[in-house]
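The values are calculated or read from the model by the stated rules, or taken from the named source; none is laboratory data. Since this is a predicted model, take the numbers as computed values, not measurements. All Cβ positions, glycine included, derive from the backbone under ideal geometry; neighbour counts span all protein chains shown.
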Amino acid sequence: MRDYRLYRLDGAGNILSAEWLREPDDDSAVRPVTDLRLHGPAELWRGQRLVARIEPASDY
């Protein structure tokens, strides 16, 4: 298992909250984040490496 850090951001890119995830690989870590109902962007990091930037789904 690998440690990941999920940062929820505001519209200006400031960190609103952070949480740890433990997943076996990058794909497994991204999957639950994309299922979240995000109100703003989020970034998923593994150490110093940006794994993914996730934009909120539009409700259109």
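Values computed for the structure shown
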item: Top-ranked residue in segment 32-47 [being more than 10 Å from the chain's Cα centre (by Cα) and at pLDDT 85 or above; ranked as farthest from Asp3 (Cα to Cα)]; result: Gly40
item: Leading residue by the ranking (farthest from Gly47 (Cα to Cα)) among those in segment 1-36 that are small (Gly, Ala, Ser) and part of a strand (DSSP E or B); result: Ser17
item: Of all residues making up segment 37-60, the number that are part of a loop (DSSP other than H, G, I, E, B), hydrophobic (A, V, I, L, M, F, W, C) and surrounded by 15 or more Cβ atoms within 10 Å (Cβ to Cβ); result: 1
